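The values are calculated or read from the model by the stated rules, or taken from the named source; none is laboratory data. Quick caveat, the model's predicted, so the values are computed rather than measured. As a convention, Cβ positions derive from the backbone with ideal geometry for all residues, glycine included, and neighbour counts pool all protein chains shown.
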Amino acid sequence: MKDWILKHRVMSLVALLVLGGTCLLILLSLTDLGLDDLRAFFDYWIEEIRSWPAILFFLMVAILPLFGFPVSPLFIIAGVRFGIAWAIPFSLAALASNMILAYWISTKLLHQLIQRIVLRWEYSIPKVSRENANKLIFVVRVSGAPLFLQNYILGLASVPFWPYLIISMATQSLVVIGMIVFGESFLSGNGGKALAGIAILVIATVALSYFRKRYAQSKAGSTDSPVG
C-alpha cells in the first residue's frame, strides 16, 4: 500500500480530498449542521489564508519540503491565497528555490547526514557521469519518491546543477499547475475549474506513470539481454 501511494501520490491526494468531502457530507446528514454552516467555515478559512503575507507562503514552499513536509497541499493553498494567475509563477519560483536549497544542502552543507537519511529510506544513491546525468535526473523525478528524497538523491549523486534545475522544474510544473487550479476552484466552489484541475493532474499522473514503466521495462530488457 505504501509503495502504491508513493507511486501515485497526486492521485492519492485527490482521492483523499474526495474522501474528505464525502465524510463531510455524511457528517452534515448526521448532525444539525447545514450547508450554510459549512460555507461559513470554508469562507472563514479562505479569508484567513488570503490574509497570510506572500513572503510567508514563499518560505513555506521553499523550506518546509526540505524536512519532508508534503508540498502538494501548499500549492492548493497558493491557489486560494493568490488566485490562479499569480499562484502559478509564484509557486514555481518558490519550488525552484526549494530545489536550489536542497541541492546546496545535499552537495555541500550536510552531505554525509543527508546520505545516511536517504539510505535509511532504502533508496540507493546512483553513480552519475556527464553522459547519463540527464537521464538520471528525469528517472528520479518520475520515480514517485517524495520530493525531498528526489532532491537529496540527485544532490548526493552530484548531478550538474543546471540540468538538475531545468529538468526538475519541467517534470514538476504540470503537477504544480494542476494542484493550483484544483485547489483554487474546489475551495471557491467553481466546479468547472475543479474538473479542469483534476484533468491536468490525471494527465500528469498518466504521463509520469508511462515514463516510469517505460524506464522499468527498458531496464529489465537490458538486464535480460545476453552479454557478449
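Answer yes if at least one residue in segment 148-159 is under 30 Å from ILE46 (Cβ atoms) and either at pLDDT 95 or above or surrounded by 21 or more Cβ atoms within 10 Å (Cβ to Cβ) (or both), and no otherwise.
So far as segment 148-159 goes, yes, one or more of its residues are under 30 Å from ILE46 (Cβ atoms) and either at pLDDT 95 or above or surrounded by 21 or more Cβ atoms within 10 Å (Cβ to Cβ) (or both).
Given the condition in contact (Cβ under 8 Å) with a residue 40 or more places away in the chain and in a helix (DSSP H, G or I), answer yes or no: does some residue in segment 113-128 qualify?
Checked segment 113-128: at least one residue is in contact (Cβ under 8 Å) with a residue 40 or more places away in the chain and in a helix (DSSP H, G or I).
Given the conditions (1) modelled with pLDDT of 85 or more; (2) under 22 Å from the mean Cα position of the chain (by Cα); (3) assigned to a helix (DSSP H, G or I), and given that PRO70 satisfies all but one, which numbered condition is not satisfied?
The number of the failed condition is (3).
Can you tell me which residues in segment 131-142 are more than 12 Å from the chain's Cα centre (by Cα) and outside any helix (DSSP H, G or I)?
GLU131, ASN132
Kindly establish whether LEU95 is closer than 30 Å to ILE180 by Cα and part of a helix (DSSP H, G or I).
The answer is yes for LEU95.
Are any residues in segment 104-129 of a type in the set (Ser, Thr, Tyr) and either at pLDDT 80 or above or touching a His at 6+ places or on another chain (Cβ under 6 Å) (or both), and if so, which ones? Before you say what the answer is, go through the steps one by one.
Keep residues of segment 104-129 that are of a type in the set (Ser, Thr, Tyr), which gives 106-107, 123-124, 129.
Hits for segment 104-129 are SER106, THR107, SER129.
Could you check, for segment 53-63, whether at least one of its residues is out of contact with any Leu (no Cβ under 7 Å at 6 or more places or on another chain), outside any helix (DSSP H, G or I), modelled with pLDDT of 80 or more and exposed (fewer than 14 other Cβ atoms within 10 Å of the Cβ)?
Yes, because at least one residue in segment 53-63 is out of contact with any Leu (no Cβ under 7 Å at 6 or more places or on another chain), outside any helix (DSSP H, G or I), modelled with pLDDT of 80 or more and exposed (fewer than 14 other Cβ atoms within 10 Å of the Cβ).
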